[in-house]
Amino acid sequence: MFSNFHTHTVFCDGADSPEELVLEALRLGCPEIGFSGHSPLEEDTGSMSDQRVLEYCTEIRRLQTKYSGRIRILLGVELDIFSRLDRSLFDYVIGAVHYVKKDGRMLAVDESREGFLDAVERFYGGDYYALAEDYYALVAALPEKTGCDVIAHFDLITKYNEGDALFRTDHPRYLAAADTALDRLLQASPRPLREVNTGAMARGWRTEAYPERRILDRWLSGGGELILSSDCHDRRNLLYAFDQYESIPHVETLC
Ligand SMILES: [Zn+2]
Ligand SMILES: [Zn+2]
């Protein structure tokens, strides 16, 4: 009886229509499903345009009516910290950092491995910890900037770092940057939920969900709450690896 509130459709960079995802959720016996299309962002080809956002909202509201009584459908958005969008259109907001800004340039941290390595080399002189400091400063600001209900993929910059291939996640500078952001999120009021996000596992980049276990434990011991998500871009992954994480304390619903 799992539900997923972090899903993408053909309205942004997902493979399926919203209705196909609803049908898959019904087939799996999910009591609820939430949609979280990417908010408009000029630099991001996988995001929705302003016009597309309106079409997306209309379609999700149509499905809410059509499937009323069979499944609870929520209209959300994955709001990038650099995007401007009226949050009152949505039932909930997932706040996310996909870029850092350096020397006036927007650098994607999760678009491609090559792009990520190149950005760190050219704009940070190969210093991954300097990038981590910039990235986590943005993550810490998510509640204030986006008013989000959920923090997406907390340690997204580790997407291409399986086995610490690029940098050490026990390095003092990495620990300081991540833990400072984590502590600020714990102090936010209202405090957002955090995801256990299996998206990079589904795509073969990681063997564990975001965030890494150390961060997850620290969040829980600080009184933070978690919600399971697959960051679904393909309906075959709607509940990807949820069974591996069901024993971790988590909330089952939003709103
Ligand atoms: Zn995201
Ligand atoms: Zn997403």
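State whether the residues of segment 91-98 include one that is among the acidic types (Asp, Glu), within 15 Å of ligand 1 (Cβ to nearest atom) and within 19 Å of the chain's Cα centre (by Cα). Walk me through it before giving the result.
Keep residues of segment 91-98 that are among the acidic types (Asp, Glu), which gives 91.
Retained after the next criterion (residues that are within 15 Å of ligand 1 (Cβ to nearest atom)): none.
No, there is no match, as no residue in segment 91-98 is among the acidic types (Asp, Glu), within 15 Å of ligand 1 (Cβ to nearest atom) and within 19 Å of the chain's Cα centre (by Cα).
Filter segment 104-118 for residues that are part of a loop (DSSP other than H, G, I, E, B), away from ligand 2 (no atom under 14 Å from the Cβ) and modelled with pLDDT of 95 or more and give the result.
SER112, the sole residue that qualifies.
Being surrounded by fewer than 20 Cβ atoms within 10 Å (Cβ to Cβ) and either touching a Leu at 6+ places or on another chain (Cβ under 7 Å) or closer than 19 Å to THR198 by Cβ (or both) is the filter here; which residues of segment 3-23 pass it?
ASP13, ALA15, GLU19
Inspect all residues belonging to segment 169-179 and state whether any of them is acidic (Asp, Glu), surrounded by fewer than 17 Cβ atoms within 10 Å (Cβ to Cβ) and over 17 Å from the mean Cα position of the chain (by Cα). Steps first, answer last, please.
Restricting attention to segment 169-179, the residues satisfying the condition of being acidic (Asp, Glu) are 170, 179.
Cutting the leftovers down to surrounded by fewer than 17 Cβ atoms within 10 Å (Cβ to Cβ) gives us 170, 179.
With the extra rule that they be over 17 Å from the mean Cα position of the chain (by Cα), the set shrinks to 170, 179.
Yes, that holds for at least one residue.
Give me a count of the residues in segment 150-176 that are part of a loop (DSSP other than H, G, I, E, B), farther than 21 Å from HIS250 by Cα and either within 16 Å of ligand 1 (Cβ to nearest atom) or among the β-branched types (Val, Ile, Thr) (or both).
So the first thing to find is which residues in segment 150-176 are part of a loop (DSSP other than H, G, I, E, B), and the list is 152-155, 159-161, 165-171.
Checking the rest, the ones that are also farther than 21 Å from HIS250 by Cα come to 159-161, 165-171.
Those left that are additionally either within 16 Å of ligand 1 (Cβ to nearest atom) or among the β-branched types (Val, Ile, Thr) (or both): 159-160, 169.
Residues that pass the stated criteria total 3.
Any idea which of (1) closer than 14 Å to PHE82 by Cβ; (2) out of contact with any Asp or Glu (no Cβ under 9 Å at 6 or more places or on another chain) is the one MET106 doesn't satisfy?
With (1) closer than 14 Å to PHE82 by Cβ; (2) out of contact with any Asp or Glu (no Cβ under 9 Å at 6 or more places or on another chain) applied to MET106, the lone miss is (2).
Would you please list the contacts, defined by Cβ atoms under 8 Å and residues six or more apart or on different chains, that run from a residue in segment 146-170 that is closer than 14 Å to GLU208 by Cβ to a residue that is within 16 Å of ligand 1 (Cβ to nearest atom) and of a type in the set (Val, Ile, Thr)?
PHE154/VAL139; LEU156/VAL97; LEU156/VAL109; LYS159/VAL109; THR169/THR158
Tell me, which strands (runs of 3 or more DSSP E) lie completely within segment 52-103 with 1 or more residues that are away from ligand 2 (no atom under 16 Å from the Cβ) and crowded, with 21+ Cβ neighbours inside 10 Å? Before the answer, list the steps.
Details: elements: 72-80, 92-96, 99-102.
Answer list for segment 52-103: 72-80, 99-102.
Where in segment 177-255 are there helices (runs of 4 or more DSSP H), lying fully within it, with 3 or more residues that are of a type in the set (D, E, K, R), within 16 Å of ligand 2 (Cβ to nearest atom) and touching a strand residue (DSSP E or B) at 6+ places or on another chain (Cβ under 9 Å)? Lay out the reasoning, then the answer.
On the way: elements: 199-202, 213-221, 242-245.
So the answer is none; nothing clears 3.
Check VAL150, VAL196 and return the single one that is touching a Leu at 6+ places or on another chain (Cβ under 6 Å) and farther than 17 Å from SER83 by Cα.
Working: VAL150 fails: farther than 17 Å from SER83 by Cα.
Step by step, each of VAL150, VAL196 is checked, and only VAL196 is touching a Leu at 6+ places or on another chain (Cβ under 6 Å) and farther than 17 Å from SER83 by Cα.
Applying the selection to segment 27-51, what residues are on the phi < 0 side of the Ramachandran plot, in a loop (DSSP other than H, G, I, E, B) and away from ligand 1 (no atom under 16 Å from the Cβ)?
Within segment 27-51, the subset on the phi < 0 side of the Ramachandran plot is 27-28, 30-51.
Subset that is in a loop (DSSP other than H, G, I, E, B): 30-31, 39-49.
Within segment 27-51, CYS30, PRO31, GLU42, SER49 qualify.
The values are calculated or read from the model by the stated rules, or taken from the named source; none is laboratory data. This one's a predicted model, so the numbers in the text were calculated from it and none came from an experiment. With ideal geometry, Cβ positions are generated from the backbone for all residues, glycine too; neighbour counts draw on all protein chains shown.
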